[in-house]
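Heads up, the thing below is written out as structure tokens.
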Amino acid sequence: MAQRVVVIGAGAVGAAIAVETAKRGFEVTLLDPAEPGGDKAASFGNAGWLSVQSVIPPAEPGVWKKIPGYLLDPLGPLAIRPLHLPLIAPWLLRYMTAAWTRERVLAIAEILRPLLVDAPRLNAELAAEAGTPDLVAASSGLMHVFRDRAQFETEKTSWSVRGAVGVEWDELGPHEIRDLQPDLDPRYRFAALVRGGGFCRDPGGHVASIVRLAERMGVRRVAARALDFAFSADRLCGVVTEAGALPATRAVIAAGVRSDPLARWIGLSVPLESERGYHVHFPGLDIGPGATPVMVHDRKVAITRMATGLRVAGQVELAGTDAPANWKRAEVLKTHLLAVFPGLADRIRAAEAKPWLGHRPSTPDGRPVIGRSPRPDVLVAYGHGHIGLASGPKTARIVADLLTDRTPEIPIAGFAPDRFRLFGGRS
Ligand SMILES: Cc1cc2nc3c(=O)[nH]c(=O)nc-3n(C[C@H](O)[C@H](O)[C@H](O)COP(=O)(O)OP(=O)(O)OC[C@H]3O[C@@H](n4cnc5c(N)ncnc54)[C@H](O)[C@@H]3O)c2cc1C
């Protein structure tokens with residue numbers, strides 16, 4: 001009898017897992033109360049970057065020096081709501097210490113690099129298989145822009161670590177930047193154009209398309225929330241959902257920022273926090289960066305021209321999952337966009353602007369948890385923070401390898417779900 005796998009969560013991670021496990025011959029059910037690709041999931045509203053260079057822990061070296069200022073500036077690039085601070089203090093401490101020294105940053109980069117190195121290609125292959133190849137641009141390059149070389153040098157630890165793990169980039173001066181980004185404010189006179197980076201032209205559409213592929217491969221989709229697991233003599237026999245129990249011999253928790261309660265049921269304690277992020281999307285607006293998305297370092301925003309319009313995304317707000325959105329942050333993103341593309345200001349102002357808030361599912365060390373839980377029939381694949389769109393397909397291959405008792409193609413010790421156990425629970 002075929003093994004029955006229930007994949008919990010149909011975001012970028014769960015959708016890719018559903019396809020990969022179906023390919024390996026499992027009988028798969030994909031469980032999610034929401035419509036795949038819909039705007040409630042982080043996978044809908046991200047910046048679309050398929051980064052090969054996002055190997056630095058999100059706190060970034062030296063961020064701790066800036067925390068007092070962030071607490072005073074509710075609209076800055078990293079904001080912490082004061083009421084939430086006591087709840088997340090332990091998580092925050094670990095978040096900052098993950099990037100405390102160059103050695104720690106390098107150790108994390110060495111773990112993340114294999115997860116990301118072929119992210120554009122794997123996403124492009126998945127999109128092609130799904131019949132939507134146009135949704136992924138696998139070789140656009142990704143451009144980080146700075147006022148000048150001196151500003152780039154302020155991030156020298158991060159960039160030297162990237163170089164040390166094999167990320168390659170070309171350094172561009174004003175004329176080369178203008179050739180690629182004619183509308184960018186000419187005060188940006190230095191750029192690092194990351195080779196091998198790509199982007200997704202419609203992240204929500206990409207996820208929906210992967211789920212349709214899964215269904216064509218025989219994956220059954222159930223629109224319900226997972227609540228618990230059922231075991232018989234220590235072996236998994238079902239996943240309990242709002243719509244009743246689903247028979248299962250294996251399950252994978254891939255529920256993004258909502259994974260923690262399920263993980264706790266099976267004895268796993270992972271410090272998971274929402275790094276809330278925002279975007280403003282201008283539907284149908286076909287201007288801004290050319291074929292290469294830009295990250296503007298002094299404003300900490302990513303700007304991507306998507307198939308569906310222009311998107312500016314960014315910011316980290318630590319305020320939990322339930323606090324209402326602070327839409328002033330979306331206004332700030334729009335202000336940044338107008339400043340970065342001054343010649344396009346009239347068209348941007350005239351366009352419809354749709355704000356969005358989403359939850360990056362973040363561990364403090366910037367590494368997802370991928371592997372077996374204390375209940376070996378239940379695997380976990382969540383906590384992808386800033387890189388879940390990019391790393392979904394590689395995560396899926398690791399999970400499928402574990403389910404078939406194969407050695408995964410990259411080292412996974414650095415993603416061990418139990419790596420936080422010495423530190424106790426959530427925050
Ligand atoms: C502003 C912003 C910009 C970003 N930019 C990028 C980027 O450029 N590149 C990149 O790679 N990443 C980026 N990210 C991060 C990326 O979006 C996330 O890492 C990724 O979407 C996480 O995917 P996921 O599948 O784990 O979670 P999600 O996409 O959140 O999906 C989880 C799914 O699980 C479902 N679910 C929850 N609870 C249950 C339950 N109990 N039972 C069943 N289903 C459940 C939810 O309904 C949801 O559909 C960005 C994020 C933000 C917020």
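What to note about this one:
- The range 371-387 and the range 1-58 have Cα centres spaced 12 Å apart.
- Efficiency of FRET from Cβ geometry, A233 and D286, R₀ 45 Å, rounded to 0.05: 0.15
- Considering every alpha-carbon pair of the range 305-427, the percent of pairs per 10 Å bin, from zero through the bin containing the longest distance, is 10, 31, 25, 20, 11, 2.
- Our summary gives the range 1-125 a relative contact order of 25 percent, counting only alpha carbon pairs under 8 angstrom and 6 or more residues apart.
- Sequence-distant contacts, meaning Cα pairs under 8 Å at least 6 residues apart, place the relative contact order of the chain at 25 percent.
- For the cross-link pairs K65/K334; K40/K354; K300/K394; K40/K300; K40/K394; K23/K394, the ones whose C-alpha atoms lie over 18 Å apart are K65/K334; K300/K394; K40/K300; K40/K394.
- Model label points for A307 and I67, set 7 angstrom from Cα along the Cα-to-Cβ axis, are 4.3 nm apart.
- Rounded, prolate or oblate (a/c below 1.5 giving rounded, otherwise prolate when a/b exceeds b/c) for the range 32-165 by Cα gyration tensor: oblate
- Dipole size of the range 95-195 about its Cα centre, with +1 on Lys/Arg Cβ and -1 on Asp/Glu Cβ: approximately 420 debye, rounded to the nearest 20.
- Estimated inter-spin distance, A245 and R178, nm [label 7 Å along Cα→Cβ]: 7.1 nm
- Relative contact order (percent, whole number), the range 291-427, Cα cutoff 8 Å, 6+ residue spacing: 14 percent
- Cα centroids of the range 348-370 and the range 179-224: 13 Å apart.
- Helices in the chain, meaning DSSP H runs of at least 4 residues, each add -39500 (n - 2.57). Divided by all residues, the mean residue ellipticity at 222 nm is -9500 deg cm²/dmol.
- Rounded, prolate or oblate (a/c below 1.5 giving rounded, otherwise prolate when a/b exceeds b/c) for the range 15-56 by Cα gyration tensor: oblate
- The shape of the range 122-206 comes out oblate: with a ≥ b ≥ c from the C-alpha gyration tensor, a/c is at least 1.5 while a/b does not beat b/c.
- Measuring r between the beta carbons of R421 and D346 and using R0 = 60 Å, the FRET efficiency lands at 0.60.
Values quoted throughout were computed directly from the atomic coordinates according to the rules given, and no laboratory measurement underlies them. None of the values given here were measured: they were computed from a predicted structure. Positions of Cβ are generated from backbone atoms using ideal geometry, with glycine treated the same way; all protein chains shown enter the neighbour counts.
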